[in-house]
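Encoded as structure tokens, the structure appears first; notes follow it.
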Amino acid sequence: MLPRLYMTPNEINESVLGVALSNQISSLSSGVVDKMLAKASQKCDSHCRKRLQAPGTSTLSQLANAGATSISVASTLTLDNLDEQAVIINPNGGNQETVIINPGGVNTTTWASPYPGTISLASGLQFNHSSGETVQYVYKEVSEVGSASSSDPYTEALQTQTMQLALAHLPPAQQALTRVIFTKTYPIISLIQLEHAFSFTNQFNAVDMTIESIVPSEGWARFNVGSVILREGLMRITYSAGYVNVVEDIKDATMYYFAEDMRLMSNPTGATRMGMGKRNQEWRENKDGDPPLVAEAKKLLRNYRKTV
């Protein structure tokens, strides 16, 4: 659990549910509300089958020497402990480098904004980096090579020697090849790098790409790759995607997940009916077995859920 927060503690305190739960919230220890909101935010991600918040930026809080396999950052906000994340250290600087984050390698040391911590890296740094240098968080995903463009009828000719000979004599085939690649998170903000590896090696090499078309809201792009890329290979894309400013529906869904966890303070056994003298309370689950607050959260998130 890491601080990808779709609501801040101040926002939850100012919400209607926050006011109703003010006594319970005030009884929690420092940092507990932040952790609960991080948990609620990741429940939104889990239901939507994608990360909803765009990866952010931070700065190095300590110098990092070449060869180091961990860095200290001023903020771990927008990260989680899943895979396919990376850092770009000192982007556009002379010592810029991109390094993959180890799954489970992010440790938040203080559960108060801006949530400083340390990040474990999959490989050692190539360069020295000074305290205060920018650290950009990005996604770095690996998938099988994207499909050939349906508008490029000769692309598949590369699969046999006979067709390769035929291809050399067909002027229309001299156009550059195109491929389609899908991102796991969207809307896409920026595509930073595209790499290819053959099926028999794990060595990725940068592809000189030209973007022919991109649909940010659906998470796919068509590239003019300018070279032969075998379908049996792997593609690795470095990019940024998600919501920089979390929309109200996602905030409200986070609030409902948070409130459902808070309900455990008065109902730790998960009882669906409770009697307190003349007063009775009953919680009804929907057809999927979700309590009302969770059902409402999922209803709000239905337009953001990944469908492919």
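Every number here is computed from the coordinates shown, using simple stated rules; none is lab data. What you are looking at is a predicted structure, and each value in this text was computed from that prediction instead of being measured. No Cβ is skipped: glycine too gets one built from the backbone with ideal geometry, and neighbour counts run over all protein chains shown.
Structure above, values below:
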{"read-out": "Packing-based ranking, highest mean first, of 53-59, 131-137 given that Cβ atoms within 10 Å are counted", "value": "53-59, 131-137"}
{"read-out": "Fraction of the pair-distance distribution of the range 22-156 above 21 Å, Cα-Cα pairs, percent", "value": "50"}
{"read-out": "Within the range 36-115: Cβ-based charge dipole about Cα centre, in debye rounded to nearest 20 (Lys, Arg +1; Asp, Glu -1)", "value": "300"}
{"read-out": "Inter-site label distance for residue 306 and residue 190 at 7 Å from Cα along Cβ, in nm", "value": "2.2"}
{"read-out": "Radius ratio Rg over Rh of the range 1-94, counting only Cα atoms, Kirkwood formula for Rh", "value": "1.06"}
